[in-house]
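The block underneath contains the structure these notes are about, expressed in structure tokens.
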Protein chains: 2
Amino acid sequence: MNRRDMIKLSTVAVAAASAATLTDAAHAQAGSRSVVRWDVLELNLPGPTAGNPFLDVTLSATFRYLHRTITVAGFYDGDGSYKIRFMPDELGTWTWTTASNTPALNNQSGSFTCTVPEPGNRGPVSVRDSYNFGYADGTPFVECGTTCYAWAFQSEATQKQTIETLRTSPFNKLRMCLFPKWYQHNRSEPPMYPFPRSADKNDYSTFNPAYFQHLEKLILELRDIGVQADLILFHPYDKWGYQSMPAEVDDRYLRYVIARFSAYRNVWWSLANEYDLLRDKSSADWDRFARIVAESDPFDHLRSIHYCFHQYEYTRGWCTHAGVQDSRLEMAASWRADWHKPVVFDECKYEGNIASRWGNLSADAMTRRFWLASAMGTYCGHGETYLSPEDILWWSHGGVLHGQSPAKIAFLRLLLEETIAVGPGPIGFTNFSDEPAGARRPNDAVIFYYYDEHQPAEGTYKLPEGKTYTAEYIDTIQLTRTPLPGEYSGQATVKIPGTPWGSLWFRQKGIA
Amino acid sequence: MNRRDMIKLSTVAVAAASAATLTDAAHAQAGSRSVVRWDVLELNLPGPTAGNPFLDVTLSATFRYLHRTITVAGFYDGDGSYKIRFMPDELGTWTWTTASNTPALNNQSGSFTCTVPEPGNRGPVSVRDSYNFGYADGTPFVECGTTCYAWAFQSEATQKQTIETLRTSPFNKLRMCLFPKWYQHNRSEPPMYPFPRSADKNDYSTFNPAYFQHLEKLILELRDIGVQADLILFHPYDKWGYQSMPAEVDDRYLRYVIARFSAYRNVWWSLANEYDLLRDKSSADWDRFARIVAESDPFDHLRSIHYCFHQYEYTRGWCTHAGVQDSRLEMAASWRADWHKPVVFDECKYEGNIASRWGNLSADAMTRRFWLASAMGTYCGHGETYLSPEDILWWSHGGVLHGQSPAKIAFLRLLLEETIAVGPGPIGFTNFSDEPAGARRPNDAVIFYYYDEHQPAEGTYKLPEGKTYTAEYIDTIQLTRTPLPGEYSGQATVKIPGTPWGSLWFRQKGIA
């Protein structure tokens, strides 16, 4: 049984178990149902359909594991179905009890066993070592993102193709919008709307569960191929009104998507794409949204926000990491030091050939940005905007990749990952203006330089005392690896091929 | 007779005429001697050898043309020879009278005729249209510089090779030091010293005329192949003491080289290379040097200064243009606007492969900097630092060029020059961060964009009202020119090849 099948099975099994819980609560004994660690336990409770369940019914469940209690909000999924989703993070027996203002949903209880996860299920990603990311099982996560902002609103065939493309791509995080998108190359109505809609009016008093069920399906498909879903909660490319909803609707929407999605281990929250372009929102609104997300997500997923013109204050407590839109890669090391958080250049323009400057970087320019970010101890984001006869651009719609940068980014990711066992992600240590961008693992087991548009044929490098290194020369564009003869230590002079876009890697002998 | 021969002849003829003047001053009649416009009239007067002629004897001549009088300092050239050099800038009859504290040199007088110059002798270069340069005859000068800082102190064979290389290179300005250089790859004693030297001590009370005669020979060789000599008056790469001479020696040295060299029409003055690295000089010293150069040069040659860390205040009146050391080409348009002067990126790192980051740019990176500078209405500087078995690096020693950028820079210069007749140099008009670098001639007859690392396959460009343009696509690296079909006007959408490092040129039909 492969990993995907196992995950599917466990999800199905839990759904079945939960349904059973509700029809026969007395028989919900510890050990009789199980869910693997970091998978989803879903309680599915039948309840009232009268009135407006979205507004009238409150529902939560408190999950207990030894001394710990975690309270999780439930949500109405339509058709009399009330759901509570939980992601257990400890092996063993958990119990749960519901609370509701509706007697039929109140004071239900049960238990389940959290069991060892299948290989490949490493849990959610969080910040590690201040500047990097790691899975809950301790595996480092070398963030390598791309964007398909509006893929959820494309044809089923395109969505399927997107998953197939991602499966073999280097990208392990995808930025995607929860609201449909209206923008250049994006001028079609979505198949569904998040709120009932007629005569160009949204009925904000309820949600359209099918809309969110579809998003869930996509999030799980990403999860099953190992891709983090960086969910964009608000954005300004909108003709339907979602960027300027009443404040109480904004808040209800946030709580609803958090209740629905937060038990999925691959979720990240991005408060917005280009928050500063949402003209009807004030900084007080963004503060409130940040507080709602931080307080309502029981699983404490990663949180950030993305700007257009006005850089967000990423030092603020609620942000777990910076998700910048900026092409000034040379700022990477400074920002990392200033903000003391992981820095992700979520948007630094895209490989492509459209007229807009943000969407016509050459493949090598895109690749270069990944190298610069990495060599300063930060992370970069890809996107692709090649004109196509069907107007399907990866950046927004998904589909297939046309560009040359993904293979080169994959090569970089491999290099970063193959020595990951020796310690946390690289720290940039040069000022980059007078020296090549250079990074080292905190324990000095790996030290590398990226020469960018420079092409030295030799260099002298001061290696840490008492350690011996081998050296390898990388052509980041031709994707060749050339071991250099000999061993290096102390003040080491190295002869290198002296080609543009090269990178020199020192690895501690016997360690890395 | 080719141009070089003509120039040589005229120089020789004038020297002969001047010598005659001195032995038979009474016969120096108007019309009896002639010099072509912007060439050198040299008065050679025999005088005392006793004492210290360098310190004891004052000498000048006043040249008169109609209502104008120009007073020019003379100098002692050793062996009892006192000289005064003058560059006439008006056709017709000039007269002159000497003044000296030494009777033998005082009150000599004569006249000469200034005649039409040979083709190719366009006079000195000065600032045109605020931001550009032009020869005195009105021909625009598209500055395209390189460096051979210490070529004057290399073997005769290398010097000869340097001239031969420059003759067919795109470079029309050369930065060169007047003092010998001591630095990496430059660790040898010069064949001569500017001051008598023994036991590692300089005798600052006199000059070594042979040293300066050699410099003059090189300046004239550059002139004869159409290359401006950007003379660097002080620099910090020194082991002999020239960077920390007493103030009165600094001043005497400046007046001496100005008296010797300023009549050469291809001279530019650069107060220093990396002025801020001359630790013994204060800002008051630099102010004084600037004043001496501006006041002492009767021909008002171009003047600037070059920095390392601390950008000079190029708004200051004595600077005719900015000669920056900076790799931030993206600042070009701002600096041009702020300083309201021509901006030359005299040093923005060099093509090469040495270990130092300032000397290992790829050819394409060097080329890119020229394009960026040009597309923002400024000028760039080349230099080349490839390791060689004989340790002869073009950047400092001259010799031959090894790199790939000169051919690409030549291609750019050709493009800039082929439409030069339509008006002054380009003005950058985009902010470059959101749009491609774009420049236009002030009369809009030529408009071009440089796409840098971007590769749009189409673009919409707002062309000036009422004008019709043809379009051409340039691959700045492959050096191909592709005429695009059709004509363009108004809000024009253009399909372009969409390759990296492209440039789109609009030319007004029938004009450019």
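The values are calculated or read from the model by the stated rules, or taken from the named source; none is laboratory data. Small disclaimer: the values here were computed from a predicted structure and weren't measured. Here the Cβ is made from the backbone with ideal geometry for all residues, glycine too, and neighbour counts use every protein chain on show. The accessibility values were calculated without ligands, DNA or RNA, using every heavy atom of the protein model including side chains. Shrake-Rupley method; radii C 1.70, N 1.55, O 1.52, S 1.80 Å.
Would you check if residue A:256 is at negative phi, outside any strand (DSSP E or B), touching a helix residue (DSSP H, G or I) at 6+ places or on another chain (Cβ under 9 Å) and touching a residue at least 60 places away in the same chain (Cβ under 8 Å)? Yes.
Scan segment B:57-67 for residues that are in contact with a Phe, Trp or Tyr (Cβ under 9 Å, 6 or more places away or on another chain) and not aromatic (Phe, Trp, Tyr) and jot them down. Result: B:57, B:59, B:61, B:62, B:64.
Looking at segment B:316-329, is at least one residue touching a Phe, Trp or Tyr at 6+ places or on another chain (Cβ under 6 Å) and outside any strand (DSSP E or B)? The answer is no, given that none of the residues of segment B:316-329 is touching a Phe, Trp or Tyr at 6+ places or on another chain (Cβ under 6 Å) and outside any strand (DSSP E or B).
How about segment B:48-165: which strands (runs of 3 or more DSSP E) wholly inside it have at least 2 residues that are within 30 Å of residue B:306 (Cβ to Cβ)? Break it down stepwise before answering.
Numbers: elements: B:59-65, B:68-73, B:81-86, B:92-100, B:109-115, B:125-128, B:132-135, B:145-147.
Passing ranges, in order: B:68-73, B:81-86, B:125-128, B:132-135, B:145-147.
From the list A:353, A:360, which one is within 11 Å of another protein chain (Cβ to nearest Cβ) and open to solvent by less than 10 Å² (accessible area, probe 1.4 Å)? Reasoning before the result, please.
On the way: A:353 fails: open to solvent by less than 10 Å² (accessible area, probe 1.4 Å).
From the options A:353, A:360, the qualifying one is A:360.
Every condition in (1) of a type outside the set (Gly, Ala, Ser); (2) open to solvent by 40 Å² or more (accessible area, probe 1.4 Å); (3) at negative phi holds for residue A:84 except the one numbered (2).
Just a yes or no: is a residue in segment A:198-209 under 22 Å from the mean Cα position of the chain (by Cα) and hydrophobic (A, V, I, L, M, F, W, C)?
Looking through segment A:198-209, none of the residues is under 22 Å from the mean Cα position of the chain (by Cα) and hydrophobic (A, V, I, L, M, F, W, C).
Going by the structure shown, is residue A:250 open to solvent by less than 30 Å² (accessible area, probe 1.4 Å), assigned to a helix (DSSP H, G or I), closer than 21 Å to residue A:182 by Cβ and acidic (Asp, Glu)? Criteria met by residue A:250. Screening segment A:365-383 for residues that are in contact with a Pro (Cβ under 8 Å, 6 or more places away or on another chain) and not β-branched (Val, Ile, Thr) and picking the one that is farthest from residue A:503 (Cα to Cα) gives A:382. Assess whether residue B:490 counts as being surrounded by 17 or more Cβ atoms within 10 Å (Cβ to Cβ) and touching a residue at least 12 places away in the same chain (Cβ under 8 Å). Here the answer is no, as residue B:490 does not meet what is asked. For residue A:301, the criteria (1) closer than 23 Å to residue A:172 by Cβ; (2) of a type outside the set (Asp, Glu); (3) in contact with a helix residue (DSSP H, G or I) (Cβ under 8 Å, 6 or more places away or on another chain); (4) not in a helix (DSSP H, G or I) hold in every case but one, which is (3).
This table checks each residue for (1) more than 23 Å from the chain's Cα centre (by Cα); (2) part of a helix (DSSP H, G or I).
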{"site": "B:371", "(1), (2)": "no, yes"}
{"site": "B:374", "(1), (2)": "no, yes"}
{"site": "B:380", "(1), (2)": "no, no"}
{"site": "B:387", "(1), (2)": "yes, no"}
{"site": "B:396", "(1), (2)": "no, yes"}
{"site": "B:402", "(1), (2)": "no, no"}
{"site": "B:409", "(1), (2)": "no, yes"}
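Among the residues of segment A:393-407, those that are open to solvent by 30 Å² or more (accessible area, probe 1.4 Å) and away from chain B (no Cβ under 14 Å) comprise A:400, A:401, A:407. When A:267, A:257 are screened for being in contact with a His (Cβ under 6 Å, 6 or more places away or on another chain) and hydrophobic (A, V, I, L, M, F, W, C), only A:267 passes. When we screen A:139, A:162 for residues that are of a type in the set (S, T, N, Q) and open to solvent by less than 10 Å² (accessible area, probe 1.4 Å), the only hit is A:162. Taken together, the residues in segment B:312-329 that are out of contact with any strand residue (DSSP E or B) (no Cβ under 7 Å at 6 or more places or on another chain) and within 14 Å of chain A (Cβ to nearest Cβ) amount to 2.
Can you go through B:296, B:262, B:244, B:282 and tell me which one is closer than 19 Å to residue B:125 by Cα and surrounded by fewer than 19 Cβ atoms within 10 Å (Cβ to Cβ)?
Working: B:262 fails: surrounded by fewer than 19 Cβ atoms within 10 Å (Cβ to Cβ); B:244 fails: closer than 19 Å to residue B:125 by Cα; B:282 fails: closer than 19 Å to residue B:125 by Cα.
After ruling out the rest, the residue left standing is B:296.
All conditions but one from (1) in a helix (DSSP H, G or I); (2) surrounded by 21 or more Cβ atoms within 10 Å (Cβ to Cβ) apply to residue B:421; the one that does not is (2). What pairs come up if the first residue lies in segment B:432-450 and is within 14 Å of chain A (Cβ to nearest Cβ), the second is in a loop (DSSP other than H, G, I, E, B) and crowded, with 22+ Cβ neighbours inside 10 Å, and their beta carbons are under 6 Å apart, counting only those six or more places apart or on different chains? Every condition considered, the pairs that remain are B:436/B:451; B:437/B:376. If the condition is being open to solvent by 10 Å² or more (accessible area, probe 1.4 Å) and not in a loop (DSSP other than H, G, I, E, B), then segment A:166-185 contributes A:167, A:183. Within segment B:456-480, the set of residues being exposed (fewer than 14 other Cβ atoms within 10 Å of the Cβ) and either in contact with a strand residue (DSSP E or B) (Cβ under 9 Å, 6 or more places away or on another chain) or among the acidic types (Asp, Glu) (or both) comprises B:460, B:462, B:465, B:480.
Within segment B:367-385, the residues that satisfy the criterion of being of a type in the set (A, V, I, L, M, F, W, C) and either touching a Phe, Trp or Tyr at 6+ places or on another chain (Cβ under 7 Å) or away from chain A (no Cβ under 14 Å) (or both) are B:371, B:372, B:373, B:375, B:376, B:380.
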